[in-house]
Amino acid sequence: MITSSIAEAAHLLKQGQVLAYPTEAVWGLGCDPFNEQAFQDILELKHRPVEKGVILLAGHIQQVEHLLQDLNTDIRQQVIASWSDRQPTERATTWLLPANASIPTWIKGQHPLVAVRVTTHPLCINLCQQFGGFIVSTSANPAGLAPAQSLGSAQVYFGNNLNYLQGDLGLSSQPSRILNALTGEVIRA
């Protein structure tokens, strides 16, 4: 199903469905991060091992505030600044943060940290707001293939059995960089 309604897309997520949607730079696959079956459906679609973990996408810093509590003040400010001071044309930043007990183990994969990004993409902000929190965000592509750059390319990968939220990609030319908040290590440049 293809929809242009963010409310309908959020409802599909709440019902345990997988949704393909445009993000800042590529199309993503998302679901309710607390619904293990929906998460398993994404792994199946992507042929992705659970050990890799996925990114959580939030529409506002408040949705992930509880994950910033264990960071020292300087690092916390750096993380928040990277999300709130970013221009839509700039590359997004995903941070590996300490995962507390509220994060399901399947989201983290084999890692002790959880990958989190606060988006500036208006459609994604509205989707997270309508959903009521952060959602899973992993690139819309089977493992080993390039991420989908359009609704059409996502449909080529996943067919008509998936739900699609129609919309435009953001203005970033590259997927998010990934940084470890505790060590400063660059995971994806």
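Name the pairs: first residue in the range 1-25 and open to solvent by less than 40 Å² (accessible area, probe 1.4 Å), second residue basic (Lys, Arg) and not in a strand (DSSP E or B), Cβ to Cβ under 9 Å, at least 6 apart or on different chains?
Correct list of pairs: GLU24/ARG91; ALA25/ARG91.
List the helices (runs of 4 or more DSSP H) inside the range 59-149, counting only whole elements, that have at least 3 residues being free of Cβ contacts under 8 Å to residues at least 40 places away in the same chain, polar (S, T, N, Q) and open to solvent by 10 Å² or more (accessible area, probe 1.4 Å).
Helices (runs of 4 or more DSSP H) meeting the threshold: 73-84.
Being more than 14 Å from the chain's Cα centre (by Cα), open to solvent by less than 20 Å² (accessible area, probe 1.4 Å), among the polar types (S, T, N, Q) and under 21 Å from LEU56 (Cβ atoms), is that true of even one residue in the range 170-179?
Yes; the residues of the range 170-179 include at least one that is more than 14 Å from the chain's Cα centre (by Cα), open to solvent by less than 20 Å² (accessible area, probe 1.4 Å), among the polar types (S, T, N, Q) and under 21 Å from LEU56 (Cβ atoms).
Take the residues of the range 27-58 that are modelled with pLDDT of 95 or more and part of a loop (DSSP other than H, G, I, E, B): which is farthest from ALA115 (Cα to Cα)?
Residue satisfying both the conditions and the ranking: ASN35.
Only residues that are surrounded by fewer than 12 Cβ atoms within 10 Å (Cβ to Cβ) and either of a type outside the set (D, E, K, R) or over 30 Å from ALA154 (Cα atoms) (or both): list them for the range 34-58, please. Walk me through how you get there before you give the answer.
The first filter runs over the range 34-58 and keeps only residues surrounded by fewer than 12 Cβ atoms within 10 Å (Cβ to Cβ), leaving 37, 44, 47, 49, 51.
GLN37, HIS47, PRO49, listed by residue number.
Which residues, counting only those in the range 1-43, are within 16 Å of CYS128 (Cβ to Cβ) and touching a Pro at 6+ places or on another chain (Cβ under 7 Å)?
Within the range 1-43, PRO33, PHE34 meet the criteria.
The values are calculated or read from the model by the stated rules, or taken from the named source; none is laboratory data. Computed from a prediction, not measured in an experiment: that's the story for all the values here. Cβ sites come from the backbone with ideal geometry, for glycine too, and all protein chains shown count toward neighbours. Side chains are part of the model used for accessible areas, which takes the heavy atoms of the whole protein and leaves out ligands, DNA and RNA. Shrake-Rupley method; radii C 1.70, N 1.55, O 1.52, S 1.80 Å.
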